[in-house]
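Chemist: Please read through the structure below; I'll follow up with questions.
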Amino acid sequence: MARYTGPTTKKARVFGEPIYGPDKAFDKRKYPPGQHGLTKRRKQRSDYAIQLNEKQKVKYTYGVLERQFRRLFEHAAAKSGVTGEILLQMLESRLDNVVYRMGIAKSRRAARQLVSHKHILVDGVLTNIPSMLLRPGSVVAVRGKSKGIDVIHGSVHAKRDRMYGWIEWNPEKMEGRYLAHPEREKIPENINEQLIVELYSK
């Protein structure tokens, strides 16, 4: 499956929540897309359908392909600790997600594009791999010649609704640090990771 590049509001309506962030269009139409979205009666879903839906929601939220997601799950399962929590921590440590959390981009999709187009430095080294997993202490910065780009400048200096305790950010230097893997209760996304663990455990 190729990475989804279609309308974000339509996909958010499939899952019944704004998985790509605040969305005025979603707020106006919080029902499934399609001709019968408001009226069609939905059959009671099986446990498998619920688990699969949760996995798909996480994949679309973080912009991860199926093979990447399974590989992350296998790595999380091999570590000691709670598999679901470790999986989410690994997703949160992806470079594109950290760029988004720091406010350098207004969405994960935009953050992935900035990384791919070589606007981001990690520990002083230019990288174009959005899926790169950061270690605690990693320094993420906007490349010097990229600091004047309107999209980056506008996003960095926009009013921010939320700061994250596991991320340090200096808007003057356009530089931040990934301090630690976040605790599960501090990750704001509405995700039931246990359903994903149950799905892959079958």
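The values are calculated or read from the model by the stated rules, or taken from the named source; none is laboratory data. Given the structure is predicted, the values throughout are model-derived calculations rather than measurements. All Cβ positions, even for glycine, are placed from backbone atoms using ideal geometry, and neighbour counts span all protein chains on display.
Chemist: For the range 111-118, does any single residue satisfy the condition of being over 26 Å from residue 7 (Cβ atoms), at pLDDT 95 or above, in a strand (DSSP E or B) and out of contact with any His (no Cβ under 6 Å at 6 or more places or on another chain)?
Modeler: The answer is no; no qualifying residue exists.
Chemist: Next question. Against the conditions (1) within 20 Å of residue 106 (Cβ to Cβ); (2) surrounded by fewer than 15 Cβ atoms within 10 Å (Cβ to Cβ); (3) of a type in the set (D, E, K, R), where does residue 143 fall short? Just the number, please.
Modeler: (2)
Chemist: Let me ask another. Scan the range 173-193 and tell me whether some residue there is more than 17 Å from the chain's Cα centre (by Cα), surrounded by 18 or more Cβ atoms within 10 Å (Cβ to Cβ), of a type outside the set (A, V, I, L, M) and not in a loop (DSSP other than H, G, I, E, B).
Modeler: yes
Chemist: Going by the conditions given, is residue 105 in contact with a helix residue (DSSP H, G or I) (Cβ under 6 Å, 6 or more places away or on another chain), of a type in the set (A, V, I, L, M, F, W, C) and in contact (Cβ under 8 Å) with a residue 12 or more places away in the chain?
Modeler: Spelling it out, residue 105 is indeed in contact with a helix residue (DSSP H, G or I) (Cβ under 6 Å, 6 or more places away or on another chain), of a type in the set (A, V, I, L, M, F, W, C) and in contact (Cβ under 8 Å) with a residue 12 or more places away in the chain.
Chemist: Here is a further query. Among the residues of the range 152-172, write down those that are surrounded by 14 or more Cβ atoms within 10 Å (Cβ to Cβ) and under 14 Å from residue 107 (Cα atoms). Before you say what the answer is, go through the steps one by one.
Modeler: Narrowing the range 152-172 to residues surrounded by 14 or more Cβ atoms within 10 Å (Cβ to Cβ): 152-153, 155-156, 164, 166-169.
152, 155, 156 - these are the residues of the range 152-172 that are surrounded by 14 or more Cβ atoms within 10 Å (Cβ to Cβ) and under 14 Å from residue 107 (Cα atoms).
Chemist: Answer yes if at least one residue in the range 89-103 is modelled with pLDDT under 95 and of a type in the set (S, T, N, Q), and no otherwise.
Modeler: no
Chemist: Determine the pairs where a residue that is loosely packed, with under 14 Cβ neighbours inside 10 Å, located within the range 56-84, has a partner that is part of a loop (DSSP other than H, G, I, E, B) with Cβ atoms under 6 Å apart, the partner being 6 or more residues away or on another chain.
Modeler: 66/1
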